[in-house]
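Student: Sharing a structure below in structure tokens format, with a few things to ask.
The values are calculated or read from the model by the stated rules, or taken from the named source; none is laboratory data. A quick note: this is a predicted structure, and the numbers were derived from the prediction, not measured. We place every Cβ from the backbone using ideal geometry, glycine too, and count neighbours over all the protein chains shown. Note: accessible area is taken over every heavy atom of the protein model, side chains too, but ligands, DNA and RNA are not part of it. Shrake-Rupley method; radii C 1.70, N 1.55, O 1.52, S 1.80 Å.
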Amino acid sequence: TADHPELFGEEGKAVLYFGSPEQAADKCRWALANASERHRMADAAHEIVTGGGHTYRDRLRTMIEAAAA
């Protein structure tokens, strides 16, 4: 979605983007062949999600705070 680049940044920083099933398969094959890059991106994506307030726990906290207001 349009939100993903805003959250994860440019392609290759933390994720790979695709626009078709064929492109997804190509990028999946690339990731399988490039373990060190795959692990680096996985670590970066994990840090963005868990360190940036984007977990389900964070969403739940926001909902509870909104309901209490």
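Student: Got a number for residues in region 55-66 being in a loop (DSSP other than H, G, I, E, B) and exposed (fewer than 12 other Cβ atoms within 10 Å of the Cβ)?
Tutor: The total comes to 0.
Student: Would you be able to say whether some residue in region 28-41 is touching a Leu at 6+ places or on another chain (Cβ under 9 Å) and in contact (Cβ under 8 Å) with a residue 40 or more places away in the chain?
Tutor: No, every residue in region 28-41 fails to be touching a Leu at 6+ places or on another chain (Cβ under 9 Å) and in contact (Cβ under 8 Å) with a residue 40 or more places away in the chain.
Student: Let me ask something additional. Looking only at region 13-37, how many residues end up being small (Gly, Ala, Ser) and either surrounded by 12 or more Cβ atoms within 10 Å (Cβ to Cβ) or at positive phi (or both)?
Tutor: Qualifying residue count, region 13-37: 3.
Student: A further question on this structure: Among the residues of region 4-44, count how many are modelled with pLDDT of 95 or more and not in a loop (DSSP other than H, G, I, E, B).
Tutor: So the answer is 23.
Student: Would you confirm, using the coordinates I've provided, whether residue 1 is part of a helix (DSSP H, G or I), open to solvent by 70 Å² or more (accessible area, probe 1.4 Å), modelled with pLDDT under 95 and β-branched (Val, Ile, Thr)?
Tutor: So residue 1 fails the test.
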